1. Looking at the structure I just gave you, is residue 175 closer than 21 Å to residue 124 by Cβ and surrounded by 21 or more Cβ atoms within 10 Å (Cβ to Cβ)?
2. For the range 31-42, give me each residue that is within 16 Å of the ligand (Cβ to nearest atom), surrounded by 14 or more Cβ atoms within 10 Å (Cβ to Cβ) and farther than 13 Å from residue 74 by Cα.
3. Would a scan of the range 303-312 turn up a residue that is assigned by TED's automatic domain parsing to the domain that holds residue 190, in contact with a helix residue (DSSP H, G or I) (Cβ under 8 Å, 6 or more places away or on another chain) and within 30 Å of residue 210 (Cβ to Cβ)?
4. Name the single residue, out of those in the range 95-109 being touching a residue at least 40 places away in the same chain (Cβ under 8 Å) and surrounded by fewer than 21 Cβ atoms within 10 Å (Cβ to Cβ), that is farthest from residue 377 (Cα to Cα).
5. May I ask you to say which residue of 180, 198 is buried (at least 20 other Cβ atoms within 10 Å of the Cβ), at pLDDT 95 or above and farther than 24 Å from residue 97 by Cβ?
6. Quick check on this structure: which one of 148, 83 is modelled with pLDDT of 95 or more, within 16 Å of the ligand (Cβ to nearest atom) and crowded, with 20+ Cβ neighbours inside 10 Å?
7. Among the residues of the range 324-340, are any in contact with a helix residue (DSSP H, G or I) (Cβ under 7 Å, 6 or more places away or on another chain), modelled with pLDDT of 95 or more and exposed (fewer than 15 other Cβ atoms within 10 Å of the Cβ)?
Ligand SMILES: NC(=O)c1ccc[n+]([C@@H]2O[C@H](COP(=O)([O-])OP(=O)(O)OC[C@H]3O[C@@H](n4cnc5c(N)ncnc54)[C@H](O)[C@@H]3O)[C@@H](O)[C@H]2O)c1
């Protein structure tokens, strides 16, 4: 079968996952790259051996290129919508990064275009591809836990404490939408829907910002090391500081359509934590604990205390995860394109619901009240 010829727009950190997944798939090949930054385009174009005529600084040119069959959108959040809509209108399948857009209004626009065009797509809520999360979903949805009562979810990272680093776009509302909430919380909010199958009815949120200004990016010159990793050389000392206008942490509670009560602890100030996630799920007949990167290994694991394992003894044990739950994000995208999708990856409808939940949390944090969320779009 002919390989899917992939073009990737935005060649920063997450593009490594999209490109890596493309290079290891038997179903696809990387043929084109795009970045508005010419240095980044050169470094990444050289690294992956992309010919000059398949390197673009304008995403419209990559989308229009007849040698490109499908497209990854790995740009910052403020350009997700415009690029996604252009790709959807072209009819070329789209894998677009999360959070889907800056807010619910943008998400609605993207959703309408997806409905009109019917273009194949996936929103990259990456933790849907963790085998432990998929197995948890299977056990929950096959009734092993009985009625779900609670989910206690944590997603903790530590890099907020790195206050000497140049201010990333993730600290500027106009580019990112929300801070820790959109960056980490969007994954957590999606994962609870994915694992339990329940929808959000209403949410309440408390936001905080510990570090209110950071060294402006304009103090630095961006360079690359020999491995193609970005580094920043300081030009101005002491650096000019810039305001941070988004949340460093977001703590939320939610009521779900299945009657369960959910809490979330989301922060960039979890000292020592790399990419730590832990979701404890309690039902009337059993409980599960999904965790990721607990010991800094980036491994996903599942503990169970349920009838078929050890429910009688009230013990939690790590359970082996059957091979059928193991998968890969980009391979799942290629399966969608080849008509072999398993229905598990997030769609634009899922991304839209997710953005409505993000909006509800922002409104709640600003106004100190519970905010309702539409349970379907
Ligand atoms: N799924 C996940 O787990 C996960 C993890 C990390 C990041 N992300 C998401 O991926 C996206 C990118 O994050 P990142 O960490 O790679 O950012 P990054 O800053 O490292 O890279 C973004 C790149 O996009 C380029 N860019 C900006 N505007 C562009 C445009 N109009 N056209 C072409 N290129 C453009 C920038 O020059 C930069 O090279 C974000 O939405 C982020 O939330 C998702």
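1. no
2. Going residue by residue through the range 31-42, those that are within 16 Å of the ligand (Cβ to nearest atom) are 32-42.
Adding the requirement that they be surrounded by 14 or more Cβ atoms within 10 Å (Cβ to Cβ) leaves 32-37, 40-42.
Result: 32, 37, 40, 41, 42.
3. First, pick out the residues of the range 303-312 that are assigned by TED's automatic domain parsing to the domain that holds residue 190: 303-312.
This time we only want the ones that are in contact with a helix residue (DSSP H, G or I) (Cβ under 8 Å, 6 or more places away or on another chain), so: 304-306.
Add one more test, that the residue is within 30 Å of residue 210 (Cβ to Cβ), and what stays is none.
For the range 303-312, residues assigned by TED's automatic domain parsing to the domain that holds residue 190, in contact with a helix residue (DSSP H, G or I) (Cβ under 8 Å, 6 or more places away or on another chain) and within 30 Å of residue 210 (Cβ to Cβ): absent.
4. The extreme case among them is 103.
5. Details: 180 fails: farther than 24 Å from residue 97 by Cβ.
That would be 198, the only listed residue that is buried (at least 20 other Cβ atoms within 10 Å of the Cβ), at pLDDT 95 or above and farther than 24 Å from residue 97 by Cβ.
6. On the way: 148 fails: within 16 Å of the ligand (Cβ to nearest atom).
Just a single option satisfies the conditions, and that option is 83.
7. Filtering the range 324-340 down to residues in contact with a helix residue (DSSP H, G or I) (Cβ under 7 Å, 6 or more places away or on another chain) leaves 325-332.
Subsequent filtering for residues that are modelled with pLDDT of 95 or more retains 325-332.
Cutting the leftovers down to exposed (fewer than 15 other Cβ atoms within 10 Å of the Cβ) gives us 326.
Yes: one or more hits.
Residues are listed down the side, and each one gets a yes or a no for (1) within 19 Å of residue 74 (Cα to Cα); (2) within 15 Å of the ligand (Cβ to nearest atom); (3) in contact (Cβ under 8 Å) with a residue 40 or more places away in the chain:
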site: 115; (1), (2), (3): no, no, no
site: 120; (1), (2), (3): yes, no, yes
site: 129; (1), (2), (3): yes, yes, yes
site: 135; (1), (2), (3): no, no, yes
site: 138; (1), (2), (3): no, no, yes
site: 154; (1), (2), (3): no, no, yes
site: 172; (1), (2), (3): yes, yes, yes
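The values are calculated or read from the model by the stated rules, or taken from the named source; none is laboratory data. Remember, predicted model here, so these are calculated numbers, not experimental data. Backbone-built Cβ (ideal geometry, glycine too); neighbour counts: all protein chains shown.
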